[in-house]
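Nothing in this text is a laboratory measurement; each read-out follows from the coordinates by a stated rule. A quick note: this is a predicted structure, and the numbers were derived from the prediction, not measured. Every residue, glycine as well, gets a Cβ built from its backbone with ideal geometry; the counts of neighbours run over all protein chains shown.
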2 protein chains.
Amino acid sequence: MPEPPLPAAIADELAQPWQATISTVHPDGQPVSVPTWYLHEDGRILVNMDAGRKRLGHLRATPRGSLSAIDPDDWFTHISILGHVGEMVEDTDLRDIDRVARHYTGKPYAVRDRPRVSAWVDIDRWHAWGRLTDVR
Amino acid sequence: MPEPPLPAAIADELAQPWQATISTVHPDGQPVSVPTWYLHEDGRILVNMDAGRKRLGHLRATPRGSLSAIDPDDWFTHISILGHVGEMVEDTDLRDIDRVARHYTGKPYAVRDRPRVSAWVDIDRWHAWGRLTDVR
């Protein structure tokens, strides 16, 4: 699998609001996956979670993650990222989740009374498929 | 997270050709995710891979997986499965991949000259979201 930086053609697609799933590892070794919104910013992947999510504990114990993003109009075309969590920060003013929500829905995030955390995933390797298979 | 058997309302949705991503763990501890077709049959999840896939080695070393399936018409509605690989078998006559391909495309699988392997994932726990959040 190639290493970053991502080619422009891959970054351009990842900038679309694609369906995505993030995978982490439970401390007992079980892989755990859940659909998520994401943003690709400054070469990193941003995912944002309710502060009560178990996934936060998984990421603190094992700060590694994988994101698979799928073109909703062409399921064969997808980009998978292997990475590690370089930074986790409280999203104190909901600035990050609002940015993510606007990207997907055009509106700020609806839930305003729950604390949230942003995880920034540094990309270690990536892989693309479908119409992006030959992009290097 | 609830344990199986899946409620009928969950099983009925999982029987649709939803977009899905399967996650495994690399022997070095890195979670690895990739979009996949799947079938839910007899209470297990079937995923089928080209025999050359690295994912097969991951599953043999750590026979645990997680599948997240998303309703393509309603992204908030999804089902995530935590499970373990109870059985891996050569798909010698492409019977399994043809069944999976017909489920998604209506046609047998196009590639006929590559060996394939079926992994049967036993469901340990599950979780649903969106319009299925309250199904128990």
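Checking B:Arg136 against (1) more than 14 Å from chain A (Cβ to nearest Cβ); (2) farther than 20 Å from B:Ala9 by Cβ, only one condition comes out false. Which one?
For B:Arg136, the exception is condition (2).
Give the number of residues within the range B:109-130 that are out of contact with any Pro (no Cβ under 8 Å at 6 or more places or on another chain) and either exposed (fewer than 14 other Cβ atoms within 10 Å of the Cβ) or β-branched (Val, Ile, Thr) (or both).
Counting residues in the range B:109-130 that are out of contact with any Pro (no Cβ under 8 Å at 6 or more places or on another chain) and either exposed (fewer than 14 other Cβ atoms within 10 Å of the Cβ) or β-branched (Val, Ile, Thr) (or both) gives 8.
Is it the case that some residue within the range A:64-84 is surrounded by fewer than 22 Cβ atoms within 10 Å (Cβ to Cβ), free of Cβ contacts under 8 Å to residues at least 40 places away in the same chain and either assigned to a helix (DSSP H, G or I) or within 16 Å of the chain's Cα centre (by Cα) (or both)?
No, the range A:64-84 contains no residue that is surrounded by fewer than 22 Cβ atoms within 10 Å (Cβ to Cβ), free of Cβ contacts under 8 Å to residues at least 40 places away in the same chain and either assigned to a helix (DSSP H, G or I) or within 16 Å of the chain's Cα centre (by Cα) (or both).
Give the residues of the range B:63-83 that are within 8 Å of chain A (Cβ to nearest Cβ) and farther than 14 Å from B:Gln19 by Cβ, sorted by residue number.
Within the range B:63-83, B:Arg64, B:Gly65, B:Ser66, B:Leu82 qualify.
Out of curiosity, is A:Pro108 in a loop (DSSP other than H, G, I, E, B) and under 26 Å from A:Met1 (Cβ atoms)?
no
For the range B:3-42, which residues satisfy the criterion of being surrounded by 14 or more Cβ atoms within 10 Å (Cβ to Cβ) and assigned to a loop (DSSP other than H, G, I, E, B)?
Scanning the range B:3-42 gives B:Pro4, B:Leu6, B:Pro7, B:Pro17, B:Trp18, B:His26, B:Gln30, B:Trp37, B:Tyr38.
Are there any pairs with C-beta distances below 7 angstrom linking a residue in the range A:23-42 that is free of Cβ contacts under 8 Å to residues at least 12 places away in the same chain to a residue that is in a loop (DSSP other than H, G, I, E, B), with the two at least 6 apart or on different chains, and if so which?
If the second residue must be in a loop (DSSP other than H, G, I, E, B), the pairs left are A:Gly29/B:Thr62.
Residues in the range A:102-120: is at least one within 26 Å of B:His58 (Cβ to Cβ) and either within 13 Å of chain B (Cβ to nearest Cβ) or not acidic (Asp, Glu) (or both)? So that I can check it myself, show each step before the final result.
In the first step, residues of the range A:102-120 are kept if they are within 26 Å of B:His58 (Cβ to Cβ); the result is A:119-120.
Checking which are either within 13 Å of chain B (Cβ to nearest Cβ) or not acidic (Asp, Glu) (or both) leaves us with A:119-120.
There is at least one residue in the range A:102-120 that is within 26 Å of B:His58 (Cβ to Cβ) and either within 13 Å of chain B (Cβ to nearest Cβ) or not acidic (Asp, Glu) (or both).
Under 8 Å by Cβ, and 6 or more places apart or on different chains, what pairs join a residue from the range A:85-104 that is assigned to a helix (DSSP H, G or I) with one that is surrounded by fewer than 17 Cβ atoms within 10 Å (Cβ to Cβ)?
These pairs meet every condition: A:Asp98/A:Pro108; A:Ala101/A:Lys107; A:Ala101/A:Pro108; A:Ala101/A:Ala110; A:Arg102/A:Pro108.
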